[in-house]
1. Return the inverse of the average 1/r over all pairs of distinct C-alpha atoms in the stretch B:200-246, which is the Kirkwood hydrodynamic radius, in Å to one decimal.
2. Hey, which lysines would be in cross-link range of A:Lys95, C-alpha to C-alpha under 24 Å, not counting anything within fewer than 8 residues on its own chain?
3. Treat the stretch A:59-111 as a sphere of radius equal to its Kirkwood radius over Cα pairs and apply Stokes-Einstein at 20 °C in a medium of 1.002 mPa s; give the translational diffusion coefficient in µm²/s, rounded to a whole number.
4. Starting from 0 in steps of 5 Å, tell me what percent of the Cα-Cα pairs of the stretch A:73-184 lands in each bin.
5. Once the mean 1/r over all distinct Cα pairs of the stretch A:286-399 is inverted, what Kirkwood radius in angstroms do you read off?
6. Compute the projected area of the convex hull of the Cα atoms of the stretch A:1-145, averaged over all viewing directions, and report it in nm² to one decimal place.
7. With an 8 Å cut-off on Cα pairs and a minimum separation of 6 or more residues, tell me the relative contact order of the stretch B:285-399 in percent.
8. For A:Asp193, A:Asp143, A:Asp228, A:Asp129, which order do you get if you count the other beta carbons within 10 Å of each Cβ and list the fewest first?
2 protein chains.
Amino acid sequence: MKRDIDGLMQERGIDVAVVTGAVKGNATMYYMVNGVGISHAIVIKKRREEPVLLCGTMEREEAAASGLKTIDTSKYNILEMIKEAGGDRLAASVKYYQTIFEEFGVKGRVAFYGQGDVGRNWEFLKALDEGLPDVTVTGEFIDDIFITARMTKGPEEIDRIREMGRKTCEVVGHIADFMKSHKVDGGKLTKDDGSTLTIGDCKAEIKMALARRKIIEEVDTIFAIGRDAGIPHSRGNDSDPIELGKTIVFDIFPQEAGGGYFFDMTRTFVLGEASQEILDSYKTLEECYDAKASVYQTRTCDFFEARGIETPRTDPHVRNGYVHSLGHGIGLDVHEKPTLSDFSGNTDTLVPGSVFTVEPGLYYPDRGYGMRIEDVYYVHEDGTVENLTNFPRGLVLEV
Amino acid sequence: MKRDIDGLMQERGIDVAVVTGAVKGNATMYYMVNGVGISHAIVIKKRREEPVLLCGTMEREEAAASGLKTIDTSKYNILEMIKEAGGDRLAASVKYYQTIFEEFGVKGRVAFYGQGDVGRNWEFLKALDEGLPDVTVTGEFIDDIFITARMTKGPEEIDRIREMGRKTCEVVGHIADFMKSHKVDGGKLTKDDGSTLTIGDCKAEIKMALARRKIIEEVDTIFAIGRDAGIPHSRGNDSDPIELGKTIVFDIFPQEAGGGYFFDMTRTFVLGEASQEILDSYKTLEECYDAKASVYQTRTCDFFEARGIETPRTDPHVRNGYVHSLGHGIGLDVHEKPTLSDFSGNTDTLVPGSVFTVEPGLYYPDRGYGMRIEDVYYVHEDGTVENLTNFPRGLVLEV
């Protein structure tokens, strides 16, 4: 949580954290400015002091809504600095930061955060590091203070994720009903005009259902049938028909409109009747889930291997069986810490405030199917774990 | 255009360009991988050689669709490198790049591009620069080779922007019709249930109209009425009623689904009757447009100042009158080069292949109105300029 940031700065010897870049697509900036509708900003957070938000004059009203102390950057006059530097924009940018850093007493180990252009920032930070004698420019290569703080969520964040969960479950229910509302013809779902219902039609309906709830797809939702359902990252092929008896993996991970918190859930559906093989595999998957072995990747591998199913532990390149890690934290990024993987050096733990997905799956592309169940969980202050995904698992949809 | 990249590398003394990061939200990466649906990648472009795309094994099929030579990165085994480095992930990442660079003969002045975490990349590039004696890490602070190449568009890019224009005009027309379909009560538009139609209702309808055409809002569309229409970046207030006689600035800049090309257009509407003041201001705005003076910011300022209207040239902090620059290039970013501003050192020109907006506006927040007209233009090979925005300007919507 945000209150952890000062302690993390102390622990890691960081005097000042500077967050730069856009708000959109920049979770650290979004987190620090409380998601207000501004385009670009600089946030300066000195250890044990409140953060300060610097932003352009056109966005001063929106910036004020962040609740932070705000500074209108027009007072620094970058255009004048460019002129003074004879058109050298790099030198002018160093001068700009120097002016701001002097005003706010920024010195010592100054760590930079946020998303930006890699090469541009390399040139800029090098010039800044060389140009300002009181400042040592630094960064954090892994698990930086903001990523670490974001590993646990406060009540307001939970409310927003919970609301996203409610809307996401509505969309999944709507799409199940939408499919069921179609007639069956030759083992395929058929539209009123006699043409076949396709993956593309379902995806269009998903987009409409999301728009109606003012939530967004950051990237294309996964809605894959048959063989494609057997490839975890396949997004599905628009022209494929919706056929009875095949598994449909529906993995939906929408975000609040304007950037913000994500939800992430997966259901596997079979329309009509499922084969005995699919039913058996699904039963194994559900057993894994119910055994709660699923909380840890190692125990999940134990569970599947005991049933003769290949896992990333038996073969790092496994493509048939259980082929990925168990889950991930979720919040302002769809994948964030903690990671439910067993790679060397993963010391993440589930603690009060953690929000994470559990998503075991079984994949058999060569046999034309795959399946996954994914819910979002939250660890309460008292250690109890709540499933934020209020939607039944049920595999078979009757038509 | 892409064919300019080798010449730009030569001119700037860059031996190898390395693009890193996600595809989503990273226009340079999107440009180089031709927009294929992969999550993260590395693109290595040696001068006078075809680019090579390195990406994960789970996305090998999607990567192949880029048409580039692709390398499956699983062969480098980063997990093993982390183990060998005793868990030091920075050292392992340097080793990873070193292995790749040796395989592809990457040395000399190696420039990095793409979006990424600023502090993380600072630490990484520093370690890489120090760790690889044959490599000098570099970046470009402004107008890098890809941004410069993207300043002109090829036929395929134009087709996509043109199609986005067609869909965007449809949405604008739909929203005009949507408003006109409402009854008037007490000077406001009224819904069937007797409640007042609001900005929020119109924005919801915009979201639906976009979803229906499978195009997306990257950030919230501008739909602002009255005083808010007088503030160029105001996105409008959801609870405001749609009132007759006030200007509505509708600035819509959707993107192809999944990331890709943008369109950007603005229309100003008044429902019912417009006051003489608004009609007069609109006439001035249209005259500016028709005079084609609008192609350059300087001439636009000349035009307005000759009519007693304040501009950024008469007052850099101007809030009433003509208060922003004239336009911007558009493509994989909603704002890209060329820039139609007159800041010191702007040497951008309009040449065959340029796609740019022209968007003069007049703003009087204290008098409760503002107005802007924005179209997208394309300069053909023969120098003729085509307006890609097939939509009338008309101010007044009869109800």
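1. 11.5
2. A:Lys45, A:Lys46, A:Lys69, A:Lys75, A:Lys83, A:Lys107, A:Lys126, B:Lys126
3. 170
4. Spelled out bin by bin, the stretch A:73-184 gives 2, 9, 12, 13, 13, 9, 7, 8, 7, 6, 5, 4, 3, 2, 0 percent.
5. 15.1
6. Its average projected convex-hull area is 8.5 nm².
7. Relative contact order, the stretch B:285-399: 20 percent.
8. So the ranking, lowest neighbour count to highest, is A:Asp193, A:Asp143, A:Asp129, A:Asp228.
A short reminder: the numbers here are calculations on the coordinates, not readings from a lab. The shown structure was predicted, so the numbers you read here are calculated from the model rather than taken from an experiment. Backbone-built Cβ (ideal geometry, glycine too); neighbour counts: all protein chains shown.
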